[in-house]
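**Q** Let me begin by handing over the structure; questions about it come next.
The values are calculated or read from the model by the stated rules, or taken from the named source; none is laboratory data. Everything numeric in this text was worked out from a predicted model, so none of it was measured. Using ideal geometry, Cβ is built from the backbone for each residue, glycine included, and neighbour counts are taken over all protein chains shown.
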Amino acid sequence: MTAQIYPYLTFENAKEAMDYYVQNFDAEIVYHQPLSEEQAENLGLSTDSLSSTTLRAEFTIAGQKIICADATMTNPQSSAMISLMIDFGEDEAAAKQLFNKLASSDEQRVTIPFGNQTTNNQLGQVVDRYGVTWLICSGRLIGD
C-alpha cells in the first residue's frame with residue numbers, strides 16, 4: 001500500500017495564515033477555496049466576506065504541499081507533539097538562509113539555534129506565531 005501524507009493545518013483564519021507563510025517562509029499559494037454561502041449558513045457562520053473564509057486551500061513551502069482550512073467547528077489548538085521538518089538535503093546554505101530569516105523576525109521564536117546537532121547534520125527549530133514547530137535541517141539524517 002502506498003499513499004501520500006500531507007500536513008493538514010487548521011486556523012481561525014487560514015487565508016491570513018497563508019499570507020503569513022508567504023511572507024515568512026517564502027510559501028507559494030496554490031489555491032484557495034472560500035466557503036459558499038450555503039456552507040457558511042449550515043455552519044452558523046456569517047455570510048459577510050466569504051472571500052476571506054477558507055473551506056480548503058493549498059500552499060507549498062520548499063516545494064512541499066500543505067493543506068489548510070478554517071477551523072469552523074472548534075477553536076484550533078497548537079500541539080507541541082507534532083512538528084514539521086523542512087529537510088534541505090545537502091543544501092546547507094538554503095537551510096541556513098531560511099532559518100536566519102525566521103530567527104530575525106519577532107513573528108517566530110527560536111527554540112534550537114541552527115547548528116551542528118548530530119554528525120553531518122545542521123538543524124534549527126522555531127515555533128511560528130500559530131504554535132507550529134518547524135525543524136529546519138540540512139545534511140544527512142540518521143539512517144540516510
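**Q** Go through the stretch 17-27 and report how many residues are surrounded by 14 or more Cβ atoms within 10 Å (Cβ to Cβ) and either under 14 Å from residue 84 (Cβ atoms) or among the charged types (D, E, K, R) (or both).
**A** 6
**Q** Out of everything in the stretch 27-48 that is polar (S, T, N, Q) and at pLDDT below 90, what residue ends up being farthest from residue 74 (Cα to Cα)?
**A** The residue in question is 47.
**Q** Quick check: anything in the stretch 32-54 in a strand (DSSP E or B) and not basic (Lys, Arg)?
**A** yes
**Q** Select, from 54, 74, the only residue that is of a type in the set (Val, Ile, Thr) and touching a strand residue (DSSP E or B) at 6+ places or on another chain (Cβ under 8 Å).
**A** Criteria check complete, one pass: 54.
**Q** So residue 122 fits all but one of (1) within 20 Å of residue 25 (Cβ to Cβ); (2) polar (S, T, N, Q); (3) out of contact with any helix residue (DSSP H, G or I) (no Cβ under 9 Å at 6 or more places or on another chain); what number is the exception?
**A** Answer for residue 122: the failing condition is (3).
**Q** Something else about it: Select from the stretch 77-128 the residues that are assigned to a loop (DSSP other than H, G, I, E, B), more than 14 Å from the chain's Cα centre (by Cα) and polar (S, T, N, Q) and list them in ascending order.
**A** 77, 104, 105, 119, 120
**Q** Hey, among 47, 54, which residue is of a type outside the set (Gly, Ala, Ser), under 16 Å from residue 16 (Cβ atoms) and assigned by TED's automatic domain parsing to the domain that holds residue 30?
**A** After ruling out the rest, the residue left standing is 54.
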